[in-house]
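To start, the structure itself, in structure tokens.
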Amino acid sequence: MKKTPLLVILAILLILPLVVKDVNFQHVMLMTLVFAGLGEAWNIITGFAGQTSFGHAAFFGIGAYTSTVLFYKFNVSPWIGMVLGALFAGIVAFLVSYPCFRLKGHYFAIATLAVAEIIKQLFVSWDYVEGATGISIPIVADSFWAMQFHRSKIPYVLIAYGLFVFVLFVALVIERNKMGYYLKAIRESHEAAEALGINTARYKLLAMVISSMLTALFGTVYAQYILYIDPFMVFGLEVSMKIVLLTVLGGLGNVYGPIIGAAILIPLSEYTRTLLGGTGKGIDLMIYGILIVIVVVFEPRGILGLLRKRSRRRLNYGKSNA
């Protein structure tokens, strides 16, 4: 992969919210960075390893609740809560995925969806974390340590940007390392990978743990930005589906895919909600659904696949006329 296009994209994502002073635009950029990061994390287990998970909202919610409960009840910094949330998410992913990986294909996908719903219901019924009522995070003075900034959204944007770059870096390292080749071999053929001597169970489990821990990081940022969470908000199926759909739309199995998908879905979702309000509820999902259908019909590898196919056609056309 060439470094220049990626560096240009990263520079644009950093400069745009700093240059454009519109608060709503900064909010959209923040959410775009959060979901692009979530897509990159999900891509590790599904795009690289071929294990479709519909339950990543569980890890997002664990990250959000861990930091929130620690700050709400014990005044522990969200930064510490973020690290602990990632560790808890990794432990849950290990415990849940170990038996689930005995399942293959759509059975595994259904199992991850069921686990996410079970975890959501546990939090709905758990009085210690305020159950279905949710938690309003105590508002304190602007503080990096408390991860609260009331005068500007820029600090939140920079934190989300930093996490996104970190997750992107991890994904790139995995993709270019031995682990990445092993995961892609598992994706193409589980049986062939085992015949080559790859410990498929170990690498799938490692990919799931890494993916879940990275996902949990963004749960903390989201919670501190919104300053309120409840089980339906952070464990909801909508979160998992957004992660899945934006990655599939952009291009599964490539680090550019989640960036492209998030750059389309999140602004579409946020601006239609702003412009149309309650009367436009669901229109963004309708438009997005149409985009997904079109892309899947013409190019299952997403928008990135369409761009590559078009590039190859131009290259072949140029050679034929040379």
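The values are calculated or read from the model by the stated rules, or taken from the named source; none is laboratory data. The model shown is predicted, which means the values in this text are computed figures rather than measured ones. Neighbour counts are summed over all protein chains in view; Cβ atoms, including those assigned to glycine, are modelled from backbone coordinates with ideal geometry. Heavy atoms of the whole protein, side chains included, go into the accessibility calculation; ligands, DNA and RNA do not. Shrake-Rupley method; radii C 1.70, N 1.55, O 1.52, S 1.80 Å.
Scanning segment 52-91 for residues that are open to solvent by 10 Å² or more (accessible area, probe 1.4 Å), outside any helix (DSSP H, G or I) and either under 22 Å from ILE174 (Cβ atoms) or in contact with a Leu (Cβ under 8 Å, 6 or more places away or on another chain) (or both) turns up THR52, PHE54, VAL76.
Condition check ((1) modelled with pLDDT of 95 or more; (2) in a helix (DSSP H, G or I)) across all residues:
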residue	(1), (2)
PRO5	no, yes
VAL8	no, yes
LYS21	no, no
ASN24	no, yes
HIS27	yes, yes
THR32	yes, yes
GLY37	yes, yes
ASN43	yes, yes
GLY50	no, no
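The conditions of being open to solvent by less than 10 Å² (accessible area, probe 1.4 Å), of a type in the set (A, V, I, L, M, F, W, C) and in contact with an Asp or Glu (Cβ under 7 Å, 6 or more places away or on another chain) are not met by VAL34. Screening LEU103 with (1) free of Cβ contacts under 8 Å to residues at least 12 places away in the same chain; (2) in contact with a Ser or Thr (Cβ under 9 Å, 6 or more places away or on another chain) gives one miss only, at (2).
Contact map, segment 70-86: first residue in contact (Cβ under 8 Å) with a residue 24 or more places away in the chain, second residue exposed (fewer than 15 other Cβ atoms within 10 Å of the Cβ), Cβ cut-off under 8 Å, separation 6 or more or different chains; pairs are PHE71/PRO138; TYR72/PRO138; SER77/TRP145; TRP79/TRP145.
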